[in-house]
Amino acid sequence: MIVALQVVVGGLLLGAVYALFSSGLTLIWGMMNVVNFAHGDFVMAGMYLAFLAVVWLRAGPAVFTGVAAALLFLFGTAVYYGLVRRVMRGPVLSQILSTFGLALLLRYSAFWIFSANFVTLPTVALSGTVHLGPVVVGTAQLVAGGAALLLTAGMHRLLTATALGSQILAVAEDRQAAMLMGIRPDRMQALAWGLAAAAAGIAGALIATFYYISPTVGESLAIIAFVVVAFGGFGSVPGAMVAGLLIGLIEATSAFYIGPVYKDVVVYALFVAILWVRPQGLMGARL
Amino acid sequence: MRWRLALLAAAALAAPLLVQGSFYHRVLALILLVAISASAWNILGGYAGQVSFGHAMFFGAGAYMPALVYSQWHAAPALGVPLGVAVSLGIAAVLGVPTFRLQGHYFSMATIAVAELIRILVGNWRLLGAAVGLQGPATGRTLWDLTFRGSVSYYYIFLGVLAALLGITAAMERSRMGYYLRAIRSGERAARSLGVPARRYKLYALFLSAAFTALAGSLYLVMIGFVDPDSGLGILVSVQMVIVAALGGAGTLFGPLLGAAILIPLQQTGNVLFGGGGTGATYIFYGGIIIVLSLFEPGGLLAIWRERLAPLGGRWAGRPKGLRRAA
Amino acid sequence: MRHRLIVSAAVAVALAVCGPLPGSGAAAPVKIGVLMPLSGNAGAAGQASKAAIEVGAQIVNEAHPDMSNIPLAATAGLPKLDGARIELIVADHQGDPSLGQSEALRLITQQHVVALLGAYQSSVTFAATTVAERNGIPWMVGDSSSPNITGRGFKWVFRTTPIGPDFAAAYSGFLKDLETMGHPVRTVAIVNENTEYGTSVGGGIHERLAKDGYNVVAQIPYNANGTDVSAQVLQLKEKQPDVVIFVSYTSDSILYMKTFKTLGYKPKVVIGDDSGFSDPSFVTTVGDLAQGAINRSAWSVGKPGSTTYHINQLYRAKTGRDLDDTSGRNMQGFLVLADAINRAGSTNPEAIRAALVATNLAPRQLMMGYKGVRFDATGQNVLAYTYLTQLVGKEWVTVWPKSAEERALAWPFQGWQP
């Protein structure tokens, strides 16, 4: 019983982090219908930025997360202006080409700069453990899971309860109409890219506290993000939140009760089954 | 336009004679192999606009069956080729019915999920060699093993298959099916309202695409002599087909061949130039070129060709329609 | 027309870039091809091995009288080939079997290498060795341990490294010796990653230990790219085995040690099957959490002044890191190959093959802890052997077998400082 609880808590904490980096992907995917193949590599960039902040500035968790968020926000907007804006209205396949190229570029730039060797965050601030009743969790996992949940909720609130958010959604709904209302779609879309990248960066910094860092780490995270986004419904942040938590939970329980090799089988099979029943994903309020 | 086609055919037939050295012969053969799989993907992903990221499952079926025939019964791998195509069509039938209810990205994601599912299952299936993979004959016992020392024989086999595939595609392009698929691509709902039996024709496209992708997989196995879950069913196998077709121009007859003719030498030279240094510069170079191409010509290289260099572009090259976004 | 233009333009680029270079003069360098995964997931291991082989070439090409027990070290170049130097042609196969074949073919036909060395992942070694076999060029396997690589009836493939059954025998012997040391162990769990390496090695260990009377309470295969390993650790915690054996790559080994600490789990013995545990990143990232872990290794730095110590100094000077077992086995493979080429006295592949077949090196002529090098009919080194080491501080010190012991075994696994 205690073990079962341990499995569930661990799965949910990891799922919260999945939810955070997937929420960025779902935002731009749903809003602009652009598939970002480089999203996992944005997370990787966040991890390395956090690493540099710790090594150079001896930064604490709040600072290195902030650094990763700020720099990736800038990077996200730059990617929008430099790349996405130019291919966005083109055929879907050229978007795929461009973000795939970007993914390779990011991944192997990291490879060049940091070499292929694995590193971990040299921090001791979050290395302890916390007892939640009978359940033991790492402080880092707890902080990361909690922060991710709050930030994902914050992202949802930003989109639904602020003027800025409604402007972003308005552009997503109907670009022309939004322009007539005096909204500048370019700025809103750049903002959305910045937010998405920042979410990925924060997620990267949070994951780095309990995970290893390597140039290719984004690859497996990207597949998770794709599944979470489709599972939850493209463009739905609450959908990503629910799907992220659900996938974390399913992975943990199936890994424990069925076998670690089959956890992805369960996730993918469930995903295909859900799409069969609900072709628009769990919360597919298509934007 | 016929003389151009004839010239292309003559060039293709003569290429291995004009180029010396077995490494270059191999590069030429690989170009054709990649062109076959990308052209097969193109029928569904390009013409019908159903962007699949899971074609590795068909490729893998085609690669695994000949290897299985060899490892189980020591029979010639070629005997497994029809089996591979049959398995591939079986998967397509099971997959096509439910997933074609899905639109746009949901379809793409479902194909990734199914392909990954199959990869993991095969990776744990002892009959199929599990994680270790299966091997073909290392040295040919008879001609039927199709194990040649040089790559020229493979080149001509691949050329024959590619010619057949492109011939079928060209015929399809001009037939009713071609019009239906283009209608589906530019908007399925609209196509349906015009009386196009969309579901049925998408399935036809899937079957044709799956059969030839499986054939490409079989040819891969025969040439490489080895397949494991990553090289036969990995997501990169699927992604390569998409990238090659998109680069050359998806939904055009010769786009995938052009994409392969550019990308494969680029990959190989990039690796020769930068690979030995071990800095990952190969991929930086490769990624950079892909970005530049996508920025300057969203319709693929064939569109550049057609617009800038051959304004009178032939009928056989298809119209420069480009792909509109699905959904 | 246009298409032919494109194809020929592309081919012209390829020709211009990698066209054959004219060979030159007397005592022309002897070219050896090195195929490693220098990018992709195994990039770190491939790069470390590449550096090790380069140090090996340095040892052969320059005079190193301080390591005169190693063949060819004392003299500069290959004496029987007029002092010819060895030139390495390194290629990246990215972990892709097809690219491995292409690069092997290019090295053979364009660069005219006389022998090849590689290729880390067994899948690539499988596929690429067929090219060497068909072209009649010797291939030295320094580290791929899948049993099937040799024994396919190939004439041109040789392997110096120990393989799965050798590892299993070492673990069984070690556990037996623990009993005589007063630490009897009964129950074992094997945790293996589920690609070719983990599956075949993990299965081999399971079989051997069960046969030798140990109770294998669990064998847990898992996917090395997974994001979380707590399910596996919780399973171990439930089964309470005395010994846990990991057959793991780097990323997952790091995660296991981190998760051990998070979940407060310490079995009596933790054994890592080389690979991930031997990656220098393992010690720098989680060394503090894995004190007392046992690792398989045929490499030991040795005492200051010893040959292995000098070799490690050279490697350190080049990379800033200590030599690890995987890279060391590749360097050893290279040195054996270089010695055979020298004994052949020619760059004729058939002569090199004959020299390889006749190889008979004694332990003192090796840098790795093998019992010697002698190939059987399949090309496998029958004298391949391995030590077991233990992590103390930031060093792996040899603790088994008794004959090679540098330091007495610390018992039990301590993990981290409380």
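The values are calculated or read from the model by the stated rules, or taken from the named source; none is laboratory data. Because the structure is a prediction, the values reported are computed rather than measured. For neighbour counting, all protein chains shown are included, and Cβ atoms are generated from backbone atoms with ideal geometry for every residue, glycine included.
May I ask you to list pairs of residues, at least six apart or on different chains, whose Cβ atoms are under 6 Å apart, with the first in the range A:249-270 being in contact (Cβ under 8 Å) with a residue 24 or more places away in the chain and farther than 23 Å from A:VAL137 by Cβ and the second being part of a helix (DSSP H, G or I) and charged (D, E, K, R)? Close Cβ pairs (under 6 Å, with a partner that is part of a helix (DSSP H, G or I) and charged (D, E, K, R)) amount to A:TYR268/B:GLU116. Residue count for the range A:85-106 under the criterion of being at pLDDT 90 or above and surrounded by fewer than 22 Cβ atoms within 10 Å (Cβ to Cβ): the result is 1.
Somewhere in the range A:175-186, is a residue under 15 Å from the mean Cα position of the chain (by Cα) and either within 14 Å of chain B (Cβ to nearest Cβ) or on the phi > 0 side of the Ramachandran plot (or both)? Among the residues of the range A:175-186, not one is under 15 Å from the mean Cα position of the chain (by Cα) and either within 14 Å of chain B (Cβ to nearest Cβ) or on the phi > 0 side of the Ramachandran plot (or both), which makes the answer no.
Looking at the range A:276-285, can you tell me whether even one residue there is farther than 18 Å from A:GLY11 by Cα, charged (D, E, K, R) and free of Cβ contacts under 8 Å to residues at least 12 places away in the same chain? Within the range A:276-285 (the criterion being farther than 18 Å from A:GLY11 by Cα, charged (D, E, K, R) and free of Cβ contacts under 8 Å to residues at least 12 places away in the same chain), the answer is yes, since at least one residue qualifies. Checked against (1) within 12 Å of chain A (Cβ to nearest Cβ); (2) assigned to a helix (DSSP H, G or I), B:THR252 meets all criteria but (2).
The single residue among C:MET368, C:MET331 that is in contact (Cβ under 8 Å) with a residue 12 or more places away in the chain, part of a loop (DSSP other than H, G, I, E, B) and in contact with a helix residue (DSSP H, G or I) (Cβ under 8 Å, 6 or more places away or on another chain) turns out to be C:MET368. Does C:ALA317 satisfy the criteria of being assigned to a helix (DSSP H, G or I), out of contact with any strand residue (DSSP E or B) (no Cβ under 6 Å at 6 or more places or on another chain) and surrounded by fewer than 16 Cβ atoms within 10 Å (Cβ to Cβ)? Criteria met by C:ALA317. Looking only at residues in the range A:189-236 that are among the β-branched types (Val, Ile, Thr) and part of a loop (DSSP other than H, G, I, E, B), the one that is nearest to C:VAL286 (Cα to Cα) is A:THR209. Might you let me know whether the range B:53-65 holds any residue that is in contact with a strand residue (DSSP E or B) (Cβ under 8 Å, 6 or more places away or on another chain) and within 12 Å of another protein chain (Cβ to nearest Cβ)? Looking through the range B:53-65, at least one residue is in contact with a strand residue (DSSP E or B) (Cβ under 8 Å, 6 or more places away or on another chain) and within 12 Å of another protein chain (Cβ to nearest Cβ).
Do we find that C:GLU54 is at pLDDT below 95, surrounded by fewer than 24 Cβ atoms within 10 Å (Cβ to Cβ) and assigned to a helix (DSSP H, G or I) in this structure? In short, no. Candidates in the range C:127-154 are the residues that are over 16 Å from the mean Cα position of the chain (by Cα) and closer than 17 Å to C:ARG374 by Cβ; of these, the one that is modelled with the highest pLDDT is C:PRO138.
Is the range B:196-208 home to any residue that is more than 30 Å from B:LEU128 (Cβ to Cβ), in a loop (DSSP other than H, G, I, E, B), of a type outside the set (Phe, Trp, Tyr) and more than 17 Å from the chain's Cα centre (by Cα)? For the range B:196-208, residues more than 30 Å from B:LEU128 (Cβ to Cβ), in a loop (DSSP other than H, G, I, E, B), of a type outside the set (Phe, Trp, Tyr) and more than 17 Å from the chain's Cα centre (by Cα): present.
In the range A:237-287, the qualifying residues are those that are part of a loop (DSSP other than H, G, I, E, B) and under 21 Å from A:LEU5 (Cα atoms), and the one that is nearest to the other protein chains (Cβ to nearest Cβ) is A:GLY259.
Here the condition is being in a helix (DSSP H, G or I), touching a residue at least 12 places away in the same chain (Cβ under 8 Å) and β-branched (Val, Ile, Thr); of B:VAL114, B:VAL51, it holds for B:VAL114 alone. Checked against (1) under 30 Å from C:PRO280 (Cα atoms); (2) more than 8 Å from chain B (Cβ to nearest Cβ); (3) not in a strand (DSSP E or B), A:LEU105 passes all but a single condition, namely (2).
Take the conditions (1) facing chain A (nearest Cβ under 8 Å); (2) among the β-branched types (Val, Ile, Thr); (3) closer than 26 Å to B:VAL132 by Cβ; C:VAL286 misses just one of them, which is (3). Annotation: of all residues in the range C:90-116 being in contact with a Gly (Cβ under 6 Å, 6 or more places away or on another chain) and closer than 19 Å to C:ASN342 by Cβ, the one that is surrounded by the fewest Cβ atoms within 10 Å (Cβ to Cβ) is C:VAL113.
For B:ASN271, the criteria (1) surrounded by fewer than 23 Cβ atoms within 10 Å (Cβ to Cβ); (2) modelled with pLDDT of 80 or more; (3) more than 7 Å from chain A (Cβ to nearest Cβ) hold in every case but one, which is (1). In the range C:304-311, the count of residues that are assigned to a helix (DSSP H, G or I), among the polar types (S, T, N, Q) and over 22 Å from C:ASN148 (Cα atoms) is one or more.
Looking at the range C:134-153, which of the residues that are touching a strand residue (DSSP E or B) at 6+ places or on another chain (Cβ under 9 Å) and surrounded by fewer than 20 Cβ atoms within 10 Å (Cβ to Cβ) is nearest to the other protein chains (Cβ to nearest Cβ)? If we take residues in the range C:134-153 being touching a strand residue (DSSP E or B) at 6+ places or on another chain (Cβ under 9 Å) and surrounded by fewer than 20 Cβ atoms within 10 Å (Cβ to Cβ), then C:ARG152 is nearest to the other protein chains (Cβ to nearest Cβ). Quick one: would you say A:PHE111 is in contact (Cβ under 8 Å) with a residue 60 or more places away in the chain, on the phi < 0 side of the Ramachandran plot and away from chain B (no Cβ under 14 Å)? Here the answer is no, as A:PHE111 does not meet what is asked. For the residues A:VAL130, A:VAL79, the requirement of being within 27 Å of A:ALA16 (Cα to Cα) and outside any helix (DSSP H, G or I) singles out A:VAL130. Kindly check whether there is at least one residue in the range B:237-245 that is assigned to a helix (DSSP H, G or I), out of contact with any Ser or Thr (no Cβ under 9 Å at 6 or more places or on another chain), among the aliphatic types (A, V, I, L, M) and more than 14 Å from chain A (Cβ to nearest Cβ). Among the residues of the range B:237-245, not one is assigned to a helix (DSSP H, G or I), out of contact with any Ser or Thr (no Cβ under 9 Å at 6 or more places or on another chain), among the aliphatic types (A, V, I, L, M) and more than 14 Å from chain A (Cβ to nearest Cβ), which makes the answer no.
When you go through A:GLY40, A:GLY11 one by one, which is the residue that is closer than 21 Å to A:GLY101 by Cβ, within 13 Å of chain C (Cβ to nearest Cβ) and buried (at least 22 other Cβ atoms within 10 Å of the Cβ)? A:GLY40 is the lone residue from the list that is closer than 21 Å to A:GLY101 by Cβ, within 13 Å of chain C (Cβ to nearest Cβ) and buried (at least 22 other Cβ atoms within 10 Å of the Cβ). Of all residues in the range B:215-236, those satisfying the criterion of being part of a helix (DSSP H, G or I) and of a type in the set (A, V, I, L, M, F, W, C) are B:LEU215, B:ALA216, B:LEU219, B:LEU221, B:VAL222, B:MET223, B:ILE224, B:LEU233, B:ILE235, B:LEU236. Which residues, taken from the range C:182-217, are small (Gly, Ala, Ser), within 22 Å of C:SER251 (Cα to Cα) and free of Cβ contacts under 8 Å to residues at least 40 places away in the same chain? Matches in the range C:182-217: C:GLY203 only.
Of all residues in the range C:61-79, none are within 20 Å of the chain's Cα centre (by Cα), part of a helix (DSSP H, G or I) and more than 9 Å from chain B (Cβ to nearest Cβ).
For the range B:112-129, the count of residues that are in contact with a Leu (Cβ under 6 Å, 6 or more places away or on another chain), modelled with pLDDT under 90 and more than 10 Å from chain A (Cβ to nearest Cβ) is zero.
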